[in-house]
Amino acid sequence: MHTDLFIRELDEQRFAEWERFVDHCPEATFFHRAGWKRAIERGLGHRGYYLFAERGGSIEGILPLVHIKSALFGHSLTSLAFCVYGGPVATNPDALEALDRAARALAQRLGVGHLEYRHRTPRNYAGALEKPDLYVTFRKSISADVDKNMLAIPRKQRAMVRKGQSAGLRSEIDADCRRLHRVYAESVRNLGTPVFSRRYFDELKREFGDDCELLVVVQGEQPVSAVMSFYFREEVLPYYGGGSSLARKCAANDFMYWEVMRRACDRGSRVFDFGRSKRNTGAFDFKKNWGFEPEPLSYQYIMLRGQQQPPNVNPLNPKYRIFIETWRRLPLPVANLVGPYIARQLG
């Protein structure tokens, strides 16, 4: 007997089922985990719409979406906002198509300017636009042998790691986000970027527990760099990281990412995911220097309400140049006060 496919919205009672689907779906990523819904809603104040396709009581596909209502950058519905990957994943084409239809209907009902899907690999959605090569990701297999991983780093970059080791740096794992957020806030201010709230970081740590690792690099007793990393299956994803004004002198960021790799190797990780970057940026060049090759990401946009082109909210856009230069000169307490209001709109 044929069983109908239904699209439903996730509630607290079905979180465990959603998580089991993520665990067993090869295309699912850490950013498909249900915990992002609670972390984003509590930490950033945006409504999450987590849709799943169900047939006969079993989940066959999922689509996490976040609705951002921004006075500065417009309204959007994104899978997944604040994350590098997302988009619908399913065990069959019927579930994928049903989720896409449901997302478009939701986008129309919410009155957003566009619906966005973020994927690691190319996808085709009817009527969707794509910005070719907007972002790339950097992923690389790592060995179970720590020494082999060190030797796999290109010589010049390996010398920077050694410089950090010679500077007496050491890494520590924190249980809370205080030191991480303090260093991260200084780092992004120096780059001209608004910082997320400390509360958002706290929510991520609370939600993902041991799968969310907070590593801080110290020189003496002074924190000089820090990173929040996520663990998923056999992957490690260093995600929110940066260094203080002292970091460059002692190669703290270089040392920090090596420590993430070294510790991840000990935890059994076999893939290092360096995250996304835009071409022609310092972050892109830094990751290339580690011997990682860029892989283009596929970001698809379904335009609504008469909009013709995907948004161009990124620091390479010339219209934001004055804002970035001004932000870099802000006193840190001011940037930390105002920054979270802006950062939460930059999904």
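A short reminder: the numbers here are calculations on the coordinates, not readings from a lab. Values in this document were obtained by computation on a predicted structure and should not be read as measured data. In this analysis, Cβ positions are derived from the backbone assuming ideal geometry, glycine residues included, and neighbour counts consider all displayed protein chains.
Taking every pair of alpha-carbon atoms in the stretch 5-119, what share in percent sits in each 10 Å bin, from 0 to the bin with the longest distance? Distribution as computed: 15, 51, 30, 4, 0 percent. In a reduced charge model with +1 at each Lys and Arg Cβ and -1 at each Asp and Glu Cβ, the chain shows a dipole moment near 1480 debye about its Cα centre.
When 334, 183, 216 are arranged by Cβ crowding within 10 Å, least crowded first, meaning fewest neighbours, the order is 334, 216, 183. Where a ≥ b ≥ c are the square roots of the eigenvalues of the C-alpha gyration tensor, would you call the stretch 252-347 rounded, which needs a/c under 1.5, or, failing that, prolate if a/b is larger than b/c, or oblate? Oblate, since a/c reaches 1.5 and b/c is not below a/b.
For the stretch 137-294, a crude dipole built from +1 on the beta carbon of Lys and Arg and -1 on the beta carbon of Asp and Glu, taken about the Cα centre, is about 720 debye to the nearest 20. The stretch 2-45 and the stretch 194-250 have Cα centres lying 25 Å from one another. How large, in Å, is the stretch 107-194 by the Kirkwood hydrodynamic radius built from its alpha-carbon pairs? Computed over the stretch 107-194, the radius equals 18.6 Å. Both the radius of gyration and Dmax for the stretch 137-294 are 14.6, 39 Å, in that order, over alpha-carbon atoms. Geometric descriptor of the stretch 188-249, per residue, is 109 Å³ (volume of the convex hull of the Cα atoms). Can you work out the base-10 log of I(q)/I(0) for the chain at q = 0.07, 0.09, 0.10, 0.12 1/Å, using the Debye formula on its C-alpha atoms alone? Those come out to -0.30, -0.50, -0.62, -0.90, one per q. Each of 223, 154, 237 was placed along the dipole of the stretch 137-294 (beta-carbon charges, centred on the mean Cα), and the one lying farthest toward the positive end is 154. In the stretch 5-119, taking the dipole from charged Cβ atoms about the Cα centre, the farthest positive-side position among 32, 53, 111 is held by 111.
The residues neighbouring residue 321, those whose beta-carbon lies less than 14 Å from its own, together hold a net charge of +2 under the Lys/Arg +1, Asp/Glu -1 convention.
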